[in-house]
Amino acid sequence: MALNCNKRFMSADLFRQKLSRETTVTLDFSYLSGVIESWWKKNSAQDIHTLKIKLTSLFLEHLHSEDAAYFDKIGCAGGVAAVCIRNIFKIDSPKLALTVHEALADLFHLTDIKYEYEDHKALYLKPFGENFREWGNGHGDITPHSDDLYEHLNVDLLALTVCRDTTQTPTAYYYPADLLLPLDDEELQTLFGMRAIFVSGKNVTGTKERVRNVVEYDDWNGYRFSLDFRIDAQSGERMRAINGGQEVLDKIRAGLSAAKCNLSTAETGTFLIVANNKVLHARPTLDISVNEARSRAAESTFATTPRLLFRSKGPRKQYYSLNEQPALLVAN
């Protein structure tokens, strides 16, 4: 069970020390890309569901064991909080990119969530997207945040696969250890006990809200964070403290521009997966003019958009050994 952190829980120094252990692993799948592309040329006419099953088997057959080991490691306490895989394929094909994305998301045990109000799978410039920031289908920048904190469900993992990016605009991601550097011990203690309300933005019809602990801890995950520094044009700040300490959040926000961040690779065949409650993700403004964004977005398709990514987000699949099941289920 997750516990809200408070002043009795841990010293600020030990807290910082534990956060500093969270890491990113970068893997190079170039040794596999030829196998994937050869397989694709023979099988691409089949339906996505069949292709995903076959590609999953191909991954398991050909992946180096040390690379496959990360499928079970992401998000654990004091370990790997992000995995960036490069050079999976070179072919600019939305269908191939989606197949690779779905196969790898499954292998990382990600259960994708489809909300009724959101067409979340493909991210690309949508009509009028040149007018918007803080939106995955827009032209403007996106401020560091974790996804869907206003939802009743918890999103453990977020995955993105690059099909194409002629704008060369990488996904940026931030570790809380770096964002919290400006805070002194007293401010960290305030953060430990803070609760905040999280509000939905442009992608939701109407308004959704949820109150969460900003910092939580459990033995398996370690420290988990709920942080969202986006400011929506209509609903304003997406995160507000409700039991004091708003000045601490404001101090973190003020330091975002100087904070250390990591950058994924903005190239065809890149897969990035992060622990949503350990890493905040963001994006700079797309590196094209507003006029070009307007013209490209007006008639944008998967084939013509300058930047096309596929996304999955949701809880981690949980697996249990038989001796953890209720006695009634294993009696026989």
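The values are calculated or read from the model by the stated rules, or taken from the named source; none is laboratory data. What you are looking at is a predicted structure, and each value in this text was computed from that prediction instead of being measured. Positions of Cβ are generated from backbone atoms using ideal geometry, with glycine treated the same way; all protein chains shown enter the neighbour counts. Please note that ligands, DNA and RNA were not included when accessible areas were found on the heavy atoms of the full protein model with its side chains. Shrake-Rupley method; radii C 1.70, N 1.55, O 1.52, S 1.80 Å.
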Given (1) under 25 Å from R311 (Cβ atoms); (2) open to solvent by less than 30 Å² (accessible area, probe 1.4 Å); (3) without any contact (Cβ under 8 Å) to a residue 60 or more places away in the chain; (4) not β-branched (V, I, T), index of the condition P170 fails: (3)
Residues of the range 213-237 classified as open to solvent by less than 40 Å² (accessible area, probe 1.4 Å), in contact (Cβ under 8 Å) with a residue 60 or more places away in the chain and farther than 22 Å from E22 by Cα, total: 2
Every pair of residues 6+ apart whose Cβ atoms lie under 9 Å, when the first sits in the range 15-28 and is touching a residue at least 60 places away in the same chain (Cβ under 8 Å) while the second is open to solvent by 80 Å² or more (accessible area, probe 1.4 Å): R16/L181
Complete set of residues in the range 176-230 that are acidic (D, E) and out of contact with any Lys or Arg (no Cβ under 8 Å at 6 or more places or on another chain): D184, D185, E186, E209, D219
Failed item, numbered, when E324 is tested on (1) of a type in the set (D, E); (2) at pLDDT 85 or above; (3) more than 26 Å from H145 (Cβ to Cβ); (4) open to solvent by 80 Å² or more (accessible area, probe 1.4 Å): (2)
Matching residues in the range 13-43 - criterion: being within 30 Å of D218 (Cα to Cα) and more than 27 Å from the chain's Cα centre (by Cα): D13
Looking only at the range 242-259, and only at residues there that are in contact with a helix residue (DSSP H, G or I) (Cβ under 6 Å, 6 or more places away or on another chain) and modelled with pLDDT of 95 or more, the one that is most open to solvent (accessible area, probe 1.4 Å): A259
